[in-house]
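The values are calculated or read from the model by the stated rules, or taken from the named source; none is laboratory data. All figures in this text were calculated on a predicted structure; none of them were measured in a lab. Glycine gets a Cβ as well: all are built from the backbone with ideal geometry, and neighbour counts include every protein chain shown.
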Amino acid sequence: MGILAVFLVAGVLCGASVWFGATVGLMTLIAGYGDRVDLPVRLRLILQLVLIAALVLGTVQSSASSYLSLPLVLFWIVFIAGTANFYNFMDGIDGIAGITGVVGFSFLSFYINRWEMQSGLGVLSLCMAFSCLGFLPFNMPKARVFMGDIGSILLGATFASLVFLTSHTLLDFLCMASFLFPFYADELSTMALRIKDGEKLTNAHRRHLYQLLANEWVIPHWRISAAYGILQALVGLSVLKARSYGVASVSAVLVCWSGLFMAGEHYVRIRLEREERRINASPP
């Protein structure tokens, strides 16, 4: 609730559009209601998509003569909904959502102020980073307060919405989206693995890389969360360095980081499979 309060108050003071605040705020309240009542997954997703579509359609000045407008609108709806839920799925250990918020929104604020010249939204992004920083002492190294859907859905939706509102080129989008790289990489690779194994994506699971490190390898939560934050910062810095060379350079950097992430993830999963086979093969 504290993070939501920061979003609403800072949004007003920074001059963010009422439409932006209303749609994201209402989606957050629905997520908070879902924290208390077991809403069906399909209903929650439908409500999210309706509100995100309202945000996108109410912001984009669509042209009836442009046949590209509909695919672009659909892309932004999927991107914002996906990011909101990815952030929620990744909020599974102490500190990971808070550290990611501090790093991601800080980079986003810098980029918006440096290249997009939208100081109001840049300040709002910085306020979201500070709200995550204020939350961290309550959530790590040992959690006394959990973020819940109301916090994680809000942070993911706000991050993606700020990218949507401030991106003017493909280069802008790639750079700003990369500031949440570890969450995208972990979630997308896990989704691909679960689809390959024929699992239903709406079912609960513990197959994320961070979950394997915390549950199977019993690494302290704060160390995993800090490692994700460091990776996030390294990706952000390398992307900012590559920005001056254009889309191809930024894309190459992200491909390299993705390859490194998948290699590390593959190593962890193979090690765990070998350990499981060894345990199962050992005599009782």
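For the residues Ser225, Ser189, the requirement of being in contact with an Asp or Glu (Cβ under 9 Å, 6 or more places away or on another chain), polar (S, T, N, Q) and over 21 Å from Val103 (Cα atoms) singles out Ser189.
Among the residues here, Ala31 does not qualify as buried (at least 16 other Cβ atoms within 10 Å of the Cβ), within 19 Å of Ala81 (Cα to Cα) and out of contact with any Leu (no Cβ under 8 Å at 6 or more places or on another chain).
For region 13-23, state whether one or more residues are loosely packed, with under 15 Cβ neighbours inside 10 Å, within 20 Å of Gly134 (Cβ to Cβ), of a type outside the set (Asp, Glu) and at pLDDT 90 or above. Yes. Put simply, of Gly98, Gly134, Gly82 the only residue that is over 19 Å from Ala16 (Cα atoms), in contact with a helix residue (DSSP H, G or I) (Cβ under 6 Å, 6 or more places away or on another chain) and at pLDDT 95 or above is Gly98. Comparison of Leu49, Leu39 shows that the only residue that is hydrophobic (A, V, I, L, M, F, W, C) and assigned to a loop (DSSP other than H, G, I, E, B) is Leu39.
Within region 2-36, work out how many residues are among the aromatic types (Phe, Trp, Tyr) and not in a helix (DSSP H, G or I). Going through region 2-36 one residue at a time, the tally reaches 0. Look at (1) in contact (Cβ under 8 Å) with a residue 60 or more places away in the chain; (2) in a helix (DSSP H, G or I); (3) of a type in the set (Val, Ile, Thr) and you find that Thr202 fails only one, number (2). Among the residues of region 242-284, those identified as assigned to a helix (DSSP H, G or I), at pLDDT below 95 and over 22 Å from Pro182 (Cα atoms) are Glu273, Arg274, Glu275, Glu276, Arg277, Arg278, Ile279, Asn280, Ala281.
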